[in-house]
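Below is one structure, written out as structure tokens, with a few remarks after it.
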Amino acid sequence: MTARPGDKRGDAAVVTVGIVGQPCRADVTPWGDVVPWGNGGASPGTLRWFVAAEDRWHDPAVESAVRQRRIAGTPVVETRVRVPDGDAVQHVWSIPDRGGLTFVEVTNDSPLPFAIAFSGLPVLTDRPPADVPIKGIDLPPDAFVLPVGHRAAVRVAIPNEPDRWRGRALGGVHADRDAVIAGWTATVDRASRLDLPDEWLVESVSEARCDLLLCGPVAVDDDPAGFVLDVAELVRLGEPADAWMPDLVAPLESIGRREAAGSGEDIEAVLVAAERIAQSAGDGRAAGDIARMRRRGTFAREPVAALSQITRGASTGRFVRGVERYLASPGVGWADLLPAGIPTPWRGTGFEVHGVPTGVASSVSYAVRWHGERPALLWEQVGEPLPLTASGVDVDWSTDQRSGEALWAAPSRPRHIPVAGGPVGHPPPAGRIEPS
């Protein structure tokens, strides 16, 4: 994989955009500058942008009124800069055409025209720059200006392979941003699809999976268990499992030594993930070896964490596993749905989960609807069906059926529990109540 300039993997201050299966990658800073990774070497530079509005020049790198988000958790980044009566709205995304292109589009979301200046990198554009002197700001000598009318947009592109663009125009390239968003969403939903009342949590899972696809797993020497969980997540997202099999030997040996020494990690979950990788690769011998290793061990099981305690660290696989365990916690030959209960803010709102793992060869999908105060469950298991319980919702309910429906007991009255913060540092709503 192409190395990120400056070895900034995991840096929360930037968002990576790019193309899976191609070396095209770029980092987007919190103020919208774009830093390509380069093809196996140092970054070629930074594309900076500036906005000439009616009042003055705006430099997003120093402006206070800059807001940024990832659309639906995907590597499509929106950065807004306040201008009189509106915003300059920048979007950055990548497409695979002609070796990879990273597009930077700026839309004038205001009633007045303004101009955009770019500097720092050669770019492709389908319109000539404005032949006007730049006043009111000291821009780099290579800066060029593009006028942007009311509610109009300008677009430039950074080519990953500049030589392929010699003598070619940008105008014929199809760069549908909505199609890119839809494509990424479909990709991350291959692993599991979550439709929860907490939209921020759903987007956090999508963000983590997209970052994993673009930046790869955590370093095996730093976190052997996290590496295995990350690879398992990549396989769930569609990467070929057999290509990763040689890389599992060293971390599994390390994990075996840690288990013998008494690790606090849920080693059984890591071994289940490794066995699933081996099965996906069609390597029955390796899967059998991992299964025997798992059966020989005596493992300490981690308690299911409250949503407020699930934080995103360097390992995407560990983070996603924490979220999915809250929704369906695998046991030994069984699984527990919503073991920590239904969060108070979710009550009365329907939600669905699809394809959450419950074992080496099984997963569950279910939907919760409401009949007054009582949650109604519809479920379906894929693969080897397991006995299901719901200890955090209705201790009297259990089933061994592959699919069906049930009416759970009404949740008990919640108790107030102080919450330090939501998942991945997300602050909870005021007055948040956790289930008892």
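The values are calculated or read from the model by the stated rules, or taken from the named source; none is laboratory data. Fair warning: this is a prediction, and the values are worked out from it, not measured in the lab. For neighbour counting, all protein chains shown are included, and Cβ atoms are generated from backbone atoms with ideal geometry for every residue, glycine included. Calculation scope for accessible area: heavy atoms of the full protein, side chains included, ligands and nucleic acids excluded. Shrake-Rupley method; radii C 1.70, N 1.55, O 1.52, S 1.80 Å.
Among the residues making up region 70-86, a single one is among the acidic types (Asp, Glu) and either farther than 23 Å from Ser119 by Cβ or open to solvent by less than 10 Å² (accessible area, probe 1.4 Å) (or both): Asp85.
Any residue that is within 30 Å of Ser280 (Cα to Cα) and of a type in the set (Lys, Arg) - is there at least one of those in region 403-413?
Looking for residues that are within 30 Å of Ser280 (Cα to Cα) and of a type in the set (Lys, Arg), one finds none in region 403-413, hence no.
Can you say whether Pro387 is more than 18 Å from Val202 (Cβ to Cβ), open to solvent by 20 Å² or more (accessible area, probe 1.4 Å), out of contact with any Leu (no Cβ under 7 Å at 6 or more places or on another chain) and touching a residue at least 24 places away in the same chain (Cβ under 8 Å), as far as the supplied structure shows? So Pro387 fits the description; yes.
Scanning region 340-356 for residues that are more than 19 Å from Val395 (Cα to Cα), buried (at least 18 other Cβ atoms within 10 Å of the Cβ) and out of contact with any Asp or Glu (no Cβ under 7 Å at 6 or more places or on another chain) gives Trp346, Val353. For first residues located in region 40-68 and more than 18 Å from Pro30 (Cα to Cα), partners that are of a type in the set (Val, Ile, Thr) and assigned to a loop (DSSP other than H, G, I, E, B) and lie 6+ apart or on another chain with Cβ distances below 7 Å form the pairs Gly40/Thr2; Trp57/Ile137.
Being within 20 Å of Arg294 (Cα to Cα) and of a type in the set (Lys, Arg) holds for only one residue in Arg257, Arg209, Arg190, and it is Arg257.
One line per residue, one yes/no per condition, for (1) at pLDDT 90 or above; (2) under 30 Å from Ser254 (Cα atoms); (3) among the charged types (D, E, K, R):
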{"residue": "Gly120", "(1), (2), (3)": "yes, no, no"}
{"residue": "Ala175", "(1), (2), (3)": "no, no, no"}
{"residue": "Trp200", "(1), (2), (3)": "yes, no, no"}
{"residue": "Glu203", "(1), (2), (3)": "yes, no, yes"}
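What's the number of the condition Ile95 fails, among (1) crowded, with 24+ Cβ neighbours inside 10 Å; (2) β-branched (Val, Ile, Thr); (3) within 12 Å of Ile158 (Cα to Cα)? (1) is the only condition that Ile95 fails. The residues on offer are Leu234, Leu229, Leu214, and the sole one that is touching a residue at least 12 places away in the same chain (Cβ under 8 Å) and touching a strand residue (DSSP E or B) at 6+ places or on another chain (Cβ under 6 Å) is Leu214.
Under the condition of being open to solvent by less than 30 Å² (accessible area, probe 1.4 Å), at pLDDT below 85 and small (Gly, Ala, Ser), the residues counted in region 264-299 number 1.
Tell me whether region 322-334 contains one or more residues that are basic (Lys, Arg), in contact with an Asp or Glu (Cβ under 9 Å, 6 or more places away or on another chain), on the phi < 0 side of the Ramachandran plot and open to solvent by 40 Å² or more (accessible area, probe 1.4 Å). Scanning region 322-334, I find no residue that is basic (Lys, Arg), in contact with an Asp or Glu (Cβ under 9 Å, 6 or more places away or on another chain), on the phi < 0 side of the Ramachandran plot and open to solvent by 40 Å² or more (accessible area, probe 1.4 Å), so the answer is no. Note on region 93-117: residues that are touching a residue at least 60 places away in the same chain (Cβ under 8 Å) and under 29 Å from the mean Cα position of the chain (by Cα) total 13. For region 300-320, a residue qualifies if it is of a type outside the set (Ser, Thr, Tyr) and open to solvent by 40 Å² or more (accessible area, probe 1.4 Å), and the qualifying residues are Ala300, Arg301, Glu302, Pro303, Val304, Gln309, Arg312, Gly313, Ala314, Arg318. Among the residues making up region 388-414, those that are closer than 20 Å to Pro343 by Cα, part of a loop (DSSP other than H, G, I, E, B) and within 33 Å of the chain's Cα centre (by Cα) are Ala390, Ser391, Gly392, Val393, Asp394, Trp408, Pro411, Pro414.
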